[in-house]
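Only one structure is covered here, and it is reproduced in the block below.
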Amino acid sequence: MEILRLCDVVRETSFEIHRYHRSGHLEKVYENALAHRLSKLGYAIEQQYPLPVYDEDGTLLGDYYADLYIEKCLVVELKACRALCDEHTAQLLGYLRASRIEHGLLINFGAPHLQIKKYILSKS
Amino acid sequence: MLSLSQEQFEKIVAQGLEGKPLEICGFLAGQTSPDGKQVVGVFPIESDDKSELTYSMNPLQQIKAEREIRERGLEIVGIYHTHPATVPYPSKTDVARAHWGETDDLLFPGYSYLIVSLREPTSPEPRSYYINGRRIPEDIEEESVVIE
């Protein structure tokens, strides 16, 4: 239930940012805005959080960088494009698989209407 | 089958008549069983469109309603809106907005779309549909509405 409340806060904050700044900025602007506003609300935010990816034998292959990692339980991937597509979903699911984090949000600030998708990668 | 009480239906109609000539909207919350969907609560949400022909849920009110529904142990079973002056059948905009942007992905798969026509204000006409795709009428599936 806590994760759902956290997602609600991120969604509400994203809508407020989109209402104020609208679409048209670079992705980084929205990342900074969301990090700034959520930090002001008291949430622990890490930007460009590295998520290591390992091969089957444990060899470190490289890092993904999640745009935001919130309260050590929620990965947020931000976009500023005309519309979300399957590649964006695949990217977020890749983050979740690599990090073994269950919950992720994909948020697109680039469209006239804010787009948010929530993903849960079940451990089972 | 979508079941709602007379009181719940009257709540939607009252919201619709108050909002007329603009469309109004909201969530239907309740429970789903093999027999259909039983509405337990009606959650009005302001339409940002302020239009006689379309509706668009206010996102902040939408999140608030979703939270309340979740915390009451219910699920969203449908979305209702009114057609103030036209037939209770999904418009092209209704169908388009049931999808993710321009994709064929449904925004709310499995939800009932209840439309209440108020073209005759003294005899409001409810109809409910599943919107399964973009083709009208092929992808529009009507379900029965029971008001008791």
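Data table
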item: A:Gly62 being part of a strand (DSSP E or B) and more than 26 Å from A:His36 (Cβ to Cβ); result: yes
item: Residue that is surrounded by the most Cβ atoms within 10 Å (Cβ to Cβ), among those in segment A:7-32 that are under 17 Å from the mean Cα position of the chain (by Cα), more than 12 Å from chain B (Cβ to nearest Cβ) and free of Cβ contacts under 8 Å to residues at least 60 places away in the same chain; result: A:Glu31
item: Residue count for segment B:37-63, restricted to those that are within 18 Å of B:Leu118 (Cα to Cα), polar (S, T, N, Q) and buried (at least 17 other Cβ atoms within 10 Å of the Cβ); result: 2
item: Within segment A:86-103, considering residues that are loosely packed, with under 14 Cβ neighbours inside 10 Å and not basic (Lys, Arg), the one nearest to the other protein chains (Cβ to nearest Cβ); result: A:Asp86
item: Filter pass, B:Gly73 being in a loop (DSSP other than H, G, I, E, B), closer than 22 Å to A:His18 by Cα and free of Cβ contacts under 8 Å to residues at least 60 places away in the same chain; result: no
item: Check on A:Leu4, under 19 Å from A:Leu106 (Cβ atoms), surrounded by 12 or more Cβ atoms within 10 Å (Cβ to Cβ), within 14 Å of chain B (Cβ to nearest Cβ) and modelled with pLDDT under 95; result: yes
item: Filter result for A:Ile107 (crowded, with 19+ Cβ neighbours inside 10 Å, over 30 Å from B:Asp49 (Cα atoms) and under 13 Å from the mean Cα position of the chain (by Cα)); result: no
item: From B:Gln38, B:Gln62, residue being more than 14 Å from every other protein chain (Cβ to nearest Cβ) and at pLDDT 95 or above; result: B:Gln38
item: Restricting segment B:97-128 to residues that are part of a strand (DSSP E or B) and without any contact (Cβ under 8 Å) to a residue 40 or more places away in the chain, the residue that is farthest from B:Ala85 (Cα to Cα); result: B:Leu106
item: Residue that is surrounded by the most Cβ atoms within 10 Å (Cβ to Cβ) [pool: residues in segment A:44-58 that are under 15 Å from A:Leu96 (Cβ atoms) and among the aliphatic types (A, V, I, L, M)]; result: A:Leu51
item: Residue among A:Leu41, A:Leu61 that alone is exposed (fewer than 13 other Cβ atoms within 10 Å of the Cβ), away from chain B (no Cβ under 14 Å) and free of Cβ contacts under 8 Å to residues at least 24 places away in the same chain; result: A:Leu61
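Per-residue answers, yes or no, for (1) free of Cβ contacts under 8 Å to residues at least 60 places away in the same chain; (2) more than 14 Å from every other protein chain (Cβ to nearest Cβ); (3) under 14 Å from A:Ser14 (Cβ atoms); (4) not small (Gly, Ala, Ser):
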{"residue": "A:Glu56", "(1), (2), (3), (4)": "yes, yes, no, yes"}
{"residue": "A:Ala66", "(1), (2), (3), (4)": "yes, yes, no, no"}
{"residue": "A:Glu71", "(1), (2), (3), (4)": "no, yes, no, yes"}
{"residue": "A:Val75", "(1), (2), (3), (4)": "yes, yes, no, yes"}
{"residue": "A:Leu105", "(1), (2), (3), (4)": "no, no, yes, yes"}
{"residue": "A:Ala111", "(1), (2), (3), (4)": "no, no, yes, no"}
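Let's see how each residue does on (1) among the aliphatic types (A, V, I, L, M); (2) modelled with pLDDT of 95 or more:
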| position | (1), (2) |
| --- | --- |
| B:Ser5 | no, yes |
| B:Ala14 | yes, yes |
| B:Gly19 | no, yes |
| B:Arg67 | no, yes |
| B:Asp104 | no, no |
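The values are calculated or read from the model by the stated rules, or taken from the named source; none is laboratory data. Small disclaimer: the values here were computed from a predicted structure and weren't measured. Neighbour counts run over all protein chains shown; Cβ positions are idealised from the backbone, glycine included.
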